[in-house]
Each structure stands twice: as structure tokens, then as C-alpha cells.
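Notes follow the structure.
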């Protein structure tokens, strides 16, 4: 089986009763600072991931790298034994690969190259805090089979991949941002009922950004 980096998975599983208090805990407060810093950078994604690319420009990614809120919702319903910590680990694994792909395809002098490198640095900072904030035994637990299958496909050699997808840089960064707020909502709101995992929340925000049509003068 292919697993995450050795920093995450260091051995065999422990008894589940040892892990329950950790898995049920909210996002560690130490993780909120790097995630909020990453979020600040993502607020400029429209400029750097859309305006600096040709119209409809897209990159080749794994099917599993198009990781949306709807994917999280389906997995929560359908994957037995799945917990929030496992989803958070998957989020880091998926988006780590996306950021590396973006940097790889951008020429040195591309106007979005330094911005993308900054995103990757801030992402890695958050990933490092995430690993340090949990005891090693947490990352020794075997993931549910559907999650393991995703990890295995993400690390397949390119010539063995059976299904590629194409996505715009902006849409990939939108997914990164939206799913981050969903999986680490404790860092971004103090409102108990605020639902960052709801697709309607992000659609509402997008609609609010659209300019309102001018009213026609009455005759």
C-alpha cells in the first residue's frame, strides 16, 4: 500500500480507544495562524490564477485532485470509519500535489510564479504545524479503504493513470480555499451555526460580488 509521507505515517495502528480523544478534538489553535495566513494569500487568487492566464487555460490533474465540498459531503455519508482528521490529512495530500503541479508548469518569469511559490510555502508551513500538533500514533492508523485508494491513485506513475481531468488554476484554488474553510471551520468563525461546508454559502458570496444591474429610468 502507498501511504502519506513518513512524517505522517510511522508504523502500525494502535487501538482505536487510544485515538478517540484526539480524533474528536477541534482543530488545534496553533494551526489556525498558518491557515489564516494561507487564507490571506488565497484572497488574491482571482488576480493571479485567472487574470494572468489565457481564457479557459487549464492544467492536467488527477481525477481525485478536483476536491470539492461535494466530495467531502459524499465521503462523510458513504465512507465507514471516516473522521475529520482523516479528511484533513487527505486535504493536505491532495492540495500539496496541486500546488507542486502549478509551480512546475509556470515559467520563471510568469507573473503568477512568485505568488504560487508563496502559496506553496504557506501551505507547507500549515502542514508542518498540523503534523506537530498531533501525536505520532495518530498518523499510524490505517485509513478506510476508499481513502487509501485515493492516496494510491494520487501517487501513480503518469503513464499508469487511466483518467486525467483538466481544471483551471482558479477553480483548483477555489476548491482549496472552500474545503479549507469547511474542514478547519474552527479557525475561521466563532458562529456555531455558520456552515462553510454548504455550497450555498459560497454561491451567495459569489453573487454578492457581482455588480448590480442599473435600474432603468421610469417613463
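The values are calculated or read from the model by the stated rules, or taken from the named source; none is laboratory data. Because the structure is a prediction, the values reported are computed rather than measured. Please note: Cβ atoms are built from the backbone with ideal geometry, for glycine as well, and neighbour counts cover all protein chains shown.
Candidates in the range 66-100 are the residues that are more than 14 Å from the chain's Cα centre (by Cα) and surrounded by 15 or more Cβ atoms within 10 Å (Cβ to Cβ); of these, the one that is nearest to residue 126 (Cα to Cα) is 83.
Screening 95, 175 for residues that are touching a strand residue (DSSP E or B) at 6+ places or on another chain (Cβ under 9 Å), touching a residue at least 40 places away in the same chain (Cβ under 8 Å) and part of a helix (DSSP H, G or I) leaves exactly one candidate, 175. Scanning for something touching a strand residue (DSSP E or B) at 6+ places or on another chain (Cβ under 9 Å) and in contact (Cβ under 8 Å) with a residue 24 or more places away in the chain, does the range 188-205 turn up at least one residue? Checked against the condition, which is being touching a strand residue (DSSP E or B) at 6+ places or on another chain (Cβ under 9 Å) and in contact (Cβ under 8 Å) with a residue 24 or more places away in the chain, the range 188-205 yields no hits at all. Residues in the range 150-180 that are under 15 Å from residue 71 (Cα atoms) and at pLDDT below 95: 150, 151.
Residues in the range 1-25 that are surrounded by 10 or more Cβ atoms within 10 Å (Cβ to Cβ), out of contact with any helix residue (DSSP H, G or I) (no Cβ under 8 Å at 6 or more places or on another chain) and not in a helix (DSSP H, G or I) were compared, and the one that is modelled with the highest pLDDT is 25.
For the range 26-46, the criterion of a residue being surrounded by fewer than 17 Cβ atoms within 10 Å (Cβ to Cβ), part of a loop (DSSP other than H, G, I, E, B) and modelled with pLDDT under 95 is satisfied by at least one position. When the range 102-123 is filtered for residues that are part of a helix (DSSP H, G or I) and in contact with a helix residue (DSSP H, G or I) (Cβ under 8 Å, 6 or more places away or on another chain), the ones remaining, listed by number, are 102, 103, 113, 115, 116, 117, 118, 119, 120, 122, 123. Of all residues in the range 193-202, those that are modelled with pLDDT under 75 and either within 22 Å of residue 30 (Cβ to Cβ) or surrounded by 13 or more Cβ atoms within 10 Å (Cβ to Cβ) (or both) total 3. Each residue in the range 47-89 was checked for being part of a strand (DSSP E or B) and closer than 20 Å to residue 138 by Cα, and 0 of them qualify.
One residue is enough: does the range 48-65 have a residue meeting the conditions within 20 Å of residue 179 (Cα to Cα), surrounded by fewer than 17 Cβ atoms within 10 Å (Cβ to Cβ) and modelled with pLDDT under 95? Looking for residues that are within 20 Å of residue 179 (Cα to Cα), surrounded by fewer than 17 Cβ atoms within 10 Å (Cβ to Cβ) and modelled with pLDDT under 95, one finds at least one in the range 48-65, hence yes.
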